[in-house]
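Every read-out reported here was derived from the displayed coordinates using simple, explicitly stated rules and does not represent laboratory data. Since the model is a prediction, treat every value here as computed from it, not as a measurement. Note that each Cβ is placed from the backbone with ideal geometry, even for glycine, and that neighbours are counted across all protein chains shown.
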Amino acid sequence: MSGPASANGGRPGIWLGIVLYRNPERELERLWESLRWNREAPGAPAFRVVWMDNSPDDTLRARVARLDADADYRHAGRNLGFGAAHNRLMTEAFGSGGARYYVCVNPDGLLHPDCVRELARVADQRADTGLVEARLFPDEHPKPYHPATGETPWCSGCVLLVTKKLHATVGGFDERFFMYCEDVDLSWRARASGLSVRVAPSALVHHYTVTREESPVRERMVRRSAALLGAKYGDAAFTNARLREYAQLGGEPFQTPDILKPGRRLAGIADFRHHLEFARRRW
């Protein structure tokens, strides 16, 4: 799915990056169908889809090829983690790829036909745009966002538009976060740099997470990443509480992160008062 040419030397100005790891075929089919809807929607912008596979082998190559014979598929060779895999694609997109926007797309998402168009439209509205996230439906994330401006404390990485300006200003994801909390960290760094972090209310995505069984592995990974986030932003109490939870969940010992002292602006933006939600609830 290379998409129609754009004015940028024939290259689409938007890249959609999809990071894979042993995904079931039905999940990929569902996502691909929703991307086709976005391609065919009225007023849809041109976009390029790139697949980065973190799986142990390239078995998914054939599955992706069955969906798109011309698929841009890359096998990482190892599990890079969420942020590092997207960083590879993001750097290429904003460099030789000539993109102005890079969109992280979770493979277990189902994008509304207007999702990509609405993300780009909202991003285009302001010169200070850093991040724009799609709105989860029918079950929204409880974190708040301003009803008029879309401003939000942090953006979820489920379907997340990153601007070239943000990448040039603060870089991509912090690769010390293997998975989870990297989106919170990037959002806080964007805000500290004066860039906006917003929700696009009409860019809808259905995220298939409610049917997942609770995973002890996932819960441990969340606590480990949260402990790193707390340490990075200087909150020892939050860090130690998450480390205790990690140990109670059977987590293997690891090098405890050093408690750092962030700059005043970063420290003022970080919010650890709401446990693992990092923002007050709307309900």
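Things worth noting here:
- When you filter the GluC sites (Glu not before Pro) in the stretch 89-144 for DSSP loop state and at most 11 other Cβ atoms inside 10 Å of their Cβ, nothing is left.
- Seen against the Cα atoms of the chain and their longest principal axis, helix 216-232 is set at about 70 degrees.
- Tensor-based shape of the stretch 85-126 (alpha-carbon gyration tensor, a/c under 1.5 rounded, otherwise prolate or oblate): oblate
- Cα-based helix-to-principal-axis angle, 82-94 vs the chain, degrees rounded to 10: 50
- Here the chain is assigned +1 on the Cβ of each Lys and Arg and -1 on the Cβ of each Asp and Glu. Its dipole about the Cα centre then comes out at about 740 debye.
- Computed from phi, the 3J(HN,Hα) profile of the stretch 39-56 under the Karplus parametrisation 6.51, -1.76, 1.60 (θ = phi - 60°) reads 5, 8, 5, x, x, 5, x, 5, 8, 10, 10, 10, 9, 10, 9, 8, 5, x Hz, with x in place of Gly and Pro.
- Placing +1 on the Cβ of every Lys and Arg and -1 on the Cβ of every Asp and Glu, with no other charges, gives the stretch 1-137 a dipole of roughly 140 debye about its Cα centre.
- Shape category assigned to the stretch 12-132 from the gyration tensor of Cα positions, a/c cut at 1.5: oblate
- Cα gyration tensor shape for the stretch 97-179, rounded if a/c is under 1.5, else prolate or oblate: rounded
- Positive dipole terminus of the stretch 86-208, leading residue within His167, Cys104, Tyr145 (C-beta point charges): His167
- In the chain, the longest principal axis of the Cα atoms and the axis of helix 236-248 are about 80 degrees apart.
- Rounded to whole Hz, the Karplus (6.51, -1.76, 1.60) HN-Hα couplings of the stretch 163-175, x for glycine and proline: 8, 4, 5, 4, 4, 6, 8, 10, x, x, 6, 6, 6
- Restricted to Cα atoms, the chain shows a radius of gyration and a Dmax of 18.4, 55 angstrom.
- DSSP bridge orientation in the chain - percent antiparallel, rounded to nearest 5: 35
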